[in-house]
Structure formats: C-alpha cells, structure tokens
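None of the figures in this text is laboratory data; all of them are computed from the coordinates on show. In this text the structure is predicted, and so the values were computed from the model without any measurement. We place every Cβ from the backbone using ideal geometry, glycine too, and count neighbours over all the protein chains shown.
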Amino acid sequence: MYIPAAFRETRPEVLHALIREHSFATLISQLDGQLFATHLPILLDASRGPHGTLVGHMARANPHWHAFSAEGPESLAIFQGPHAYISPSWYVSELVVPTWNYSAVHAYGKPTVMEDPVQVRALLEETVGTFESGLPDQWSTASVGDDYVTKLARGIVAFEMTIIRLEGKRKLGQNRPVADMRGAAAGLQAIGDVLGQAVAEEMLEVARATGE
C-alpha cells in the first residue's frame, strides 16, 4: 500500500498488536484469474516465521480456499484499525483541508490448507478460546459435545499463511504540528464516537512521543 515515510510503522510488536486487536480481517486472493475476498477472523502465531504466521478457517462451501497453494500467487490479509474523519476546524493552523486518520496492517503470504484433523480441531479450540476470553459466561465446545464439533469441522477448511511481507501504516497527523494533532484529538474526543476516541488516543500518544 502507499505509505508516506511519516506514517510508516515497522515495529513488529506494534503491527502484531494491531493484528490481534483487530483480528476480523479481509483476506484477498486470486481465484480463477479474478480477485476474491473473504471477511473472517484470523489469529496470529508470532512464534512461527520471520513475521509470524496467520491461521484461520472458512466454510468449505466458500470457493476461496481453492486458491490456496504454496506454489500460487500471494494472498493479502488486511487488518483495519480504528479510523476517523478529521475536520479542518479542529486544527490550529490555517489553510488546511479535511482528511481521514487510520491505522492498518497488510500481511502478504501464500495460504495453505491444514489437512491434519488434530491441527484443525486445535485451531477451532484456540479460536473459540480467544474470542470467548473476557466474556462473563464463556462458551466452549464442551457445551455441544465432541461428536457434534467433529461433524461441524468437516464443513470448514482451516488454513495457515506464513507472512512473507508485513506492512504497517498509522496515519495520525505526524505530518502536522503537534498543536494540530492535539486539536484534532480533542475534536474527536468531544464527539464521543468509539472509533474516534481510539484514534484520538493514538494521536495523543504520538504527540507525547515527540516531547512537545
């Protein structure tokens, strides 16, 4: 993706944190010569590969998985962080225009199908455990029984994708004076939108890092 130098994020821990926090991704591959996209939760195993490995699953009825091959073209997983419209009225500077601030990570790799039923079951358990954690009444596969889960597992395709390239972009006003960053953050906080609040917090974090 297009990443001006001021917005480029290369720290692995920051990119991995965004992937984990915003794990509902868009996976894009080439299928029969055309681009094909699926929206799905994807987990990160940071311990495997130079940039980590993504793992997930989709419905077997979804033709997307037919594009998965270690010899085929790359796929792209997009993880979208918080984003918000920025009004020029929030800036201290004059002669400014509206913009949109956001964070995103692009992970490239070649997905392959996970064939081992044991690995597939482990992935399903990990997925459930990840997204149930923190809920007051946590659900587990034990609630429906092993035979039922095994039957359902036949209807999905699990995959893994070693990340070949990892790109990060955090467009948070780093190209503007700190006073403008703080003013825009205050404007977002005044609105109270959840995504805007998250962007404001990231902008203030960057502003504090400048020491001004």
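Annotations for the structure displayed:
- Placing dummy labels 7 Å off each Cα toward the beta-carbon, the span from Gln189 to Met1 is 2.6 nm.
- Net length gained if the chain between Asp116 and Asp32 were fully extended (0.36 nm per residue, minus Cα distance): 27.6 nm
- Theoretical FRET efficiency, 1/(1+(r/R0)^6), r = Cβ-Cβ of Gln138 and Ser93, R0 45 Å, to 0.05: 0.40
- The residue among Ser140, Pro177, Thr150 whose Cα reaches farthest toward the positive pole of the charge dipole of the chain, with charges on the beta-carbon of Lys, Arg, Asp and Glu, is Pro177.
- Of the three principal axes defined by the Cα atoms of the stretch 1-47, the extents in descending order read 36, 26, 18 Å.
- Summing Lys and Arg as +1 and Asp and Glu as -1 over all other residues whose Cβ lies under 12 Å from the Cβ of Gly56 gives a net charge of -3.
- Under the span-like rule (Cα at least 18 Å along the axis, Kyte-Doolittle mean at least 1.0), DSSP H helices of the chain: none
- The shape of the stretch 149-212 can be summarised by an equivalent ellipsoid whose semi-axes, obtained from the alpha carbon gyration tensor, come to 40, 18, 8 Å from longest to shortest.
- Local electrostatic count at Lys110 - Lys and Arg +1, Asp and Glu -1, tallied over other residues with Cβ under 15 Å: -1
- Charged side chains reduced to their Cβ positions (Lys and Arg at +1, Asp and Glu at -1) give the chain a dipole of some 440 debye around its Cα centre.
- Protection proxy ranking for 32-44, 126-138, 162-174, using the average of other Cβ atoms within 10 Å per residue and placing the highest first: 162-174, 32-44, 126-138.
- In this simple spin-label approximation, Glu125 and Leu152 carry label points 7 Å from Cα along the Cα→Cβ vector, and these lie 1.6 nm apart.
- Label positions at Glu205 and Tyr85, each projected 7 Å from the Cα along the C-beta direction, are separated by 2.5 nm.
- Mean-position separation - Cα centroids, the stretch 17-43 and the stretch 78-134, in angstrom: 10 Å
- 15 Å beta-carbon shell around Ser47, net charge (K/R +1, D/E -1): -2
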